[in-house]
Amino acid sequence: MKGEGDSTWQHFDDTVYGGDFLANQPPVKAMCDAAPGIIDLLDRMGVPFNRTPEGLLDFRRFGGTLYNRTAFAGATTGQQLLYALDEQVRRYESEGKVTKYEHWEFLSAVLDGNRACRGICAMDLRSMEVRTFPADAIIIATGGIGAIFGKSTNSVVCTGSAQSALYQQGCYYANGEFIQVHPTSIPGEDKLRLMSESARGEGGRVWVPKTSGDTRDPKSIPESERWYFLEEWYPKYGNLVPRDVATRAIFKVVYEHNLGIDGKPMVYLDLTHVDRKILDRKLEGILEIYEKFVGDDPRDTPMKIFPGMHYTMGGMWVDFKQATNVPGIFAAGECEYQYHGANRLGANSLVSCIFGGFIAGPAAVQYARGTSAAATNGHFDTERKHQEENNAMLMKSEGDENPFRLWQELGELMTKNCTVIRYNKNLQETDGKLVEFLERFRRINLSDRTQWANTSVVFARQLYNMLQLSRVIAQGAAMRDESRGAHYKPDFPERDDKNFLKTTKASFAPDADEPKFEFEPVDVSLIPPRPRKY
Amino acid sequence: MADSKSVLFKIRRQGSPHTSPHWEEFSLAWHPGMNVISSLMEIARNPVTRDGKPTTPITYDANCLEEVCGSCAMLINGTARMACSALIDKLEQPVRLEPLSKFPIVRDLAVDRSVLFENLKRAKAWVPIDGTYDLGSGPRMTMEEQEAAYPLSRCISCCCCMEVCPQFNEDTGFVGAATISQVRLFNTHPTGSALKRERLAALMGDGGIQECGYAQNCVEICPKDIPLTRSISEVGGAVMKQAIGDLFRK
Ligand SMILES: Cc1cc2nc3c(=O)[nH]c(=O)nc-3n(C[C@H](O)[C@H](O)[C@H](O)COP(=O)(O)OP(=O)(O)OC[C@H]3O[C@@H](n4cnc5c(N)ncnc54)[C@H](O)[C@@H]3O)c2cc1C
Ligand code: SF4
Ligand code: SF4
Ligand code: FES
């Protein structure tokens with residue numbers, strides 16, 4: 001594209017290299033081979049991709065590649081793709097080919113006596129009715145797990161609850177410890193919103209007040225009392241150090257030097273010294289987002305930013321046909337682990353979601369055709385009753401723990417210890433805390449006990465699943481004594497292919513109520529691993 | 001307002017579609033950066049009214065928290081808007097929260113917006129592609145065409161334009177501005193235009209585009225600045241032309 005000699009092989013190489021060689025290579029190659037066709041498909045569906053003067057798709061560059069490879073639709077590509085796919089589903093609905101159950105929450109799979117999937121159990125979020133849906137095969141597409149980190153760039157529905165429930169029912173969860181953090185997000189009271197990195201590119205300076213707890217208006221803090229830590233630590237690159245370096249430095253200043261603004265995890269990203277005209281010309285879109293959601297004009301006031309949990313590389317373990325280890329359960333999208341290894345490249349996620357769906361759909365149909373009816377149907381009633389009992393228990397519980405407060409604590413704990421910088425001591429402490437949280441969960445108290453659109457019950461259920469999955473992340477991170485992709489341990493700063501060129505697979509041990517781990521070799525048959533240095 | 005110590009909320013609550021509504025007041029300690037959603041989250045962490053009575057967390061819809069999904073529309077101080085971008089510091093107090101008034105209520109601030117999605121189905125608001133298999137590249141479009149389509153494609157299905165429209169009610173059954181604008185979007189797409197006649201036909205008759213009184217409330221409220229009145233007049237013209245054509249063909 002753009003006559004730069006780019007190729008699907010180059011895309012494949014960038015993806016594998018960016019993922020620090022932890023992804024099995026054959027499915028990644030297949031995805032990259034299919035990617036141009038996927039862009040064409042989205043274009044045919046009417047996604048308003050930007051055009052060249054000749055009327056062709058325009059492409060631009062994203063992090064982790066040297067090529068202008070990424071099609072884009074203004075500043076809202078993700079939204080456009082989502083809506084285009086949604087429109088097609090609506091079309092199928094109107095043709096009677098699809099039945100959509102919106103406002104239902106997946107609770108669990110229905111497994112038969114041989115632990116094969118026979119359907120799902122779900123709850124109507126309005127009537128609170130719990131019911132089962134028989135199915136020969138199911139495909140899980142429940143997205144990332146941002147909510148485990150309290151606030152993230154993800155949507156609030158991305159709780160990982162479904163993945164966790166299935167893990168607790170016997171599905172493997174792979175590479176849980178790989179969590180991508182975006183260096184510059186806008187910390188909000190409700191969520192973290194993505195802030196493009198171009199703000200640093202246009203001369204933004206990152207600093208904190210030198211004294212902890214300085215509550216002065218940033219503009220009134222004299223130069224001599226500001227700490228431009230990136231410029232001091234990395235005189236050569238200054239504020240333009242690569243993503244991961246910037247992220248770690250900000251973390252260090254906040255958590256080790258305790259110098260976050262107002263004692264909170266935030267630092268200043270200052271553009272106020274840059275000429276307004278330049279800002280308006282080059283960064284207007286971004287500055288408007290900041291203004292809209294924060295209320296301050298970054299042309300006048302330094303922005304507050306902080307690295308934010310952004311993407312879940314790990315997920316449900318699947319084979320090259322997107323099948324989990326439980327017969328009849330397939331998975332596609334951010335909820336599974338297949339395509340991004342230890343780190344995801346910009347713009348690669350949506351492609352992997354769609355490609356995973358292309359594989360999972362036909363594979364599920366093929367599986368369904370080959371499967372015979374279960375011997376009995378008793379497991380449907382059993383599963384429904386089991387889930388109804390869970391709800392009843394939560395409704396009755398007379399403890400003193402508010403689920404939303406417990407969630408806030410979980411988010412703070414996980415963000416602090418399981419994102420950017422990882423120490424084994426902290427990870428072990430985190431797991432201990434998680435066990436404590438699970439204890440506290442037993443004493444939950446729902447202030448809402450009504451049987452209609454009760455969001456507290458639903459949330460409490462999600463919270464329980466988040467807690468279980470958090471242990472997979474913390475313990476997985478503790479085990480991996482190396483640094484690879486998004487996983488960084490100062491005590492083990494190098495990648496260790498000899499011991500850890502392996503997929504982490506967690507499975508739930510019901511008796512011990514905790515994860516157990518095994519490791520699986522990675523298929524590196526196409527591109528031999530080489531050191532990752534940008 | 002930035003230095004006041006607490007923020008006062010008046011929230012209209014309704015347990016279910018079949019119970020009657022009542023108001024509850026909440027007082028939260030002010031802190032920087034609060035918005036309506038973060039305040040609702042805070043109430044969930046400590047569901048106690050202003051006068052110390054324990055209550056339930058408030059039911060509301062929200063998902064993306066960045067004006068993409070359209071789910072958090074509600075009446076904030078009487079204005080239909082997205083809760084996720086409603087900053088407390090920019091609102092008068094007490095902050096009054098109510099559900100959209102023209103959509104069936106689910107509970108508290110959550111309403112059922114499915115009428116819009118049904119309207120989009122009726123108007124065939126999609127590009128009728130042959131299939132999802134690889135059929136090569138899509139149709140060429142000029143930069144101008146893309147630039148014209150892009151603003152229309154930013155609709156987030158929030159239903160604010162319908163809430164504020166004087167014509168949008170049960171009597172008229174009016175489809176509302178969002179659907180009309182989507183018809184314009186798909187009718188101008190090279191492949192989408194194959195269904196042009198059907199889309200325009202769906203906008204004829206009772207509840208169709210003729211119900212619009214050009215009050216322009218829609219275009220003023222739209223959080224995505226979609227040129228709705230422009231869409232309405234363009235699509236209105238096309239509907240008229242087609243209706244007259246149909247008349248002569250009969
Ligand atoms: C701010 C931001 C910007 C991004 N930008 C890009 C980009 O530029 N390029 C790129 O390639 N990727 C980008 N990504 C990543 C990409 O958007 C996601 O990885 C992708 O949308 C995931 O799609 P999905 O279908 O797997 O899951 P999602 O889109 O998250 O959908 C999951 C669905 O499952 C539902 N669900 C979850 N749990 C349950 C349950 N228990 N029961 C029933 N339903 C459930 C949810 O309601 C949701 O509808 C971005 C992500 C974010 C957050
Ligand atoms: S112009 Fe007025 S009547 Fe017409 S859709 Fe908009 S608000 Fe409704
Ligand atoms: S046209 Fe505007 S107001 Fe109407 S649904 Fe779309 S985004 Fe909302
Ligand atoms: S939560 Fe999605 S638009 Fe507000």
Do any residues in the range B:212-230 that are within 14 Å of chain A (Cβ to nearest Cβ) have Cβ atoms under 7 Å from those of residues that are near ligand 3 (Cβ under 6 Å from one of its atoms) and not small (Gly, Ala, Ser), where the two are at least six apart or on different chains, and which pairs are they?
B:223/B:158; B:223/B:160; B:224/B:155; B:224/B:156; B:226/B:155
Restricting attention to the range A:184-229, the residues that are within 14 Å of chain B (Cβ to nearest Cβ) and assigned to a strand (DSSP E or B) number exactly 6
Is there any pair linking a residue in the range A:498-517 that is within 13 Å of residue A:481 (Cβ to Cβ) to one that is assigned to a loop (DSSP other than H, G, I, E, B), with Cβ under 6 Å and at least six apart or on different chains, and which?
A:500/A:480; A:500/A:482; A:504/A:175
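Residues to consider are B:80, B:62; find the one that is under 18 Å from residue B:100 (Cα atoms) and within 9 Å of ligand 4 (Cβ to nearest atom). Break it down into steps so the answer makes sense when it comes.
Details: B:80 fails: within 9 Å of ligand 4 (Cβ to nearest atom).
The conditions single out B:62.
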Can residue B:48 be described as modelled with pLDDT under 95, in the same structural domain as residue B:12 (by TED's automatic domain parsing) and over 20 Å from residue A:101 (Cα atoms)?
no
Number of positions in the range B:139-152 that are hydrophobic (A, V, I, L, M, F, W, C) and outside any helix (DSSP H, G or I):
1
Those residues of the range A:143-161 which are surrounded by fewer than 24 Cβ atoms within 10 Å (Cβ to Cβ) and within 20 Å of residue A:317 (Cα to Cα) amount to A:143, A:158
Tell me, please, whether a residue that is modelled with pLDDT of 95 or more and more than 26 Å from residue A:288 (Cα to Cα) can be found in the range B:215-233.
yes
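Do we have residue A:76 as closer than 30 Å to residue A:241 by Cβ, within 16 Å of ligand 4 (Cβ to nearest atom) and hydroxyl-bearing (Ser, Thr, Tyr) here?
Working: closer than 30 Å to residue A:241 by Cβ: yes; within 16 Å of ligand 4 (Cβ to nearest atom): yes; hydroxyl-bearing (Ser, Thr, Tyr): yes.
Spelling it out, residue A:76 is indeed closer than 30 Å to residue A:241 by Cβ, within 16 Å of ligand 4 (Cβ to nearest atom) and hydroxyl-bearing (Ser, Thr, Tyr).
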Condition first: within 16 Å of ligand 1 (Cβ to nearest atom) and at the interface with chain A (Cβ under 9 Å from one of its Cβ atoms). Can you find one or more residues in the range B:41-62 that meet it?
yes
Counted residues, the range B:104-148 - those being over 26 Å from residue B:197 (Cβ atoms), at pLDDT 95 or above and in contact with an Asp or Glu (Cβ under 6 Å, 6 or more places away or on another chain):
3
Being free of Cβ contacts under 8 Å to residues at least 40 places away in the same chain and polar (S, T, N, Q) is the filter here; which residues of the range B:33-50 pass it?
B:38, B:46, B:49
Any idea which of A:319, A:296 is away from ligand 1 (no atom under 15 Å from the Cβ), in a loop (DSSP other than H, G, I, E, B) and at pLDDT below 95?
A:296
Residues of the range A:183-194 being surrounded by fewer than 24 Cβ atoms within 10 Å (Cβ to Cβ) and out of contact with any helix residue (DSSP H, G or I) (no Cβ under 8 Å at 6 or more places or on another chain), in sequence order, are A:185, A:187, A:194
Quick check, is residue B:100 away from ligand 1 (no atom under 16 Å from the Cβ), facing chain A (nearest Cβ under 7 Å) and touching a residue at least 40 places away in the same chain (Cβ under 8 Å)?
no
Under the condition of being in contact with a strand residue (DSSP E or B) (Cβ under 8 Å, 6 or more places away or on another chain) and away from every other protein chain (no Cβ under 14 Å), which residue from the range B:154-166 is surrounded by the fewest Cβ atoms within 10 Å (Cβ to Cβ)?
B:164
All strands (runs of 3 or more DSSP E) inside the range A:95-175 with 2 or more residues being under 15 Å from residue A:468 (Cα atoms) and touching a strand residue (DSSP E or B) at 6+ places or on another chain (Cβ under 6 Å)
A:104-111
Test residue B:151 against the stated conditions and say whether it is touching a helix residue (DSSP H, G or I) at 6+ places or on another chain (Cβ under 7 Å) and either within 16 Å of ligand 2 (Cβ to nearest atom) or within 14 Å of chain A (Cβ to nearest Cβ) (or both).
no
Among (1) surrounded by 22 or more Cβ atoms within 10 Å (Cβ to Cβ); (2) within 16 Å of ligand 3 (Cβ to nearest atom), where does residue A:90 come up short?
(1)
Considering the range B:153-163, residues that are in a loop (DSSP other than H, G, I, E, B) and over 16 Å from residue B:83 (Cα atoms), and then whichever is farthest from ligand 4 (Cβ to nearest atom), we arrive at B:153
Do we find that residue A:530 is touching a strand residue (DSSP E or B) at 6+ places or on another chain (Cβ under 7 Å) and touching a residue at least 40 places away in the same chain (Cβ under 8 Å) in this structure?
no
Between a first residue in the range B:163-180 that is under 12 Å from residue B:232 (Cα atoms) and free of Cβ contacts under 8 Å to residues at least 60 places away in the same chain and a second residue that is part of a loop (DSSP other than H, G, I, E, B) and more than 16 Å from ligand 1 (Cβ to nearest atom), which pairs have beta carbons less than 7 Å apart while being 6 or more apart in sequence or on different chains?
B:175/B:203; B:175/B:207; B:175/B:208; B:177/B:165; B:180/B:203
Kindly list the number of the only condition in (1) surrounded by fewer than 19 Cβ atoms within 10 Å (Cβ to Cβ); (2) in contact with a His (Cβ under 8 Å, 6 or more places away or on another chain) that fails for residue B:131.
(2)
Going through the range A:348-369 one residue at a time, which ones are small (Gly, Ala, Ser) and at pLDDT 95 or above?
A:352, A:356, A:357, A:360, A:361, A:363, A:364, A:368
Every residue from the range A:45-70 that is within 11 Å of another protein chain (Cβ to nearest Cβ) and either among the small types (Gly, Ala, Ser) or surrounded by fewer than 21 Cβ atoms within 10 Å (Cβ to Cβ) (or both):
A:46, A:50, A:51, A:52, A:53, A:54, A:55, A:56, A:58
Is it true that some residue in the range A:270-288 is at pLDDT below 95, within 14 Å of chain B (Cβ to nearest Cβ), surrounded by 18 or more Cβ atoms within 10 Å (Cβ to Cβ) and in contact with a strand residue (DSSP E or B) (Cβ under 6 Å, 6 or more places away or on another chain)?
no
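Inside the range A:377-425, can you point out the residues that are within 23 Å of residue B:48 (Cβ to Cβ) and part of a loop (DSSP other than H, G, I, E, B)?
Quick first cut of the range A:377-425, residues within 23 Å of residue B:48 (Cβ to Cβ) only: A:394-412.
A:397, A:398, A:399, A:400, A:402 - these are the residues of the range A:377-425 that are within 23 Å of residue B:48 (Cβ to Cβ) and part of a loop (DSSP other than H, G, I, E, B).
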Unmet criterion (only one of (1) at the interface with chain A (Cβ under 8 Å from one of its Cβ atoms); (2) over 20 Å from residue B:206 (Cα atoms); (3) more than 16 Å from ligand 1 (Cβ to nearest atom)) for residue B:132
(3)
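The values are calculated or read from the model by the stated rules, or taken from the named source; none is laboratory data. Everything numeric here is computed off the predicted structure, so don't read it as measured data. For neighbour counting, all protein chains shown are included, and Cβ atoms are generated from backbone atoms with ideal geometry for every residue, glycine included.
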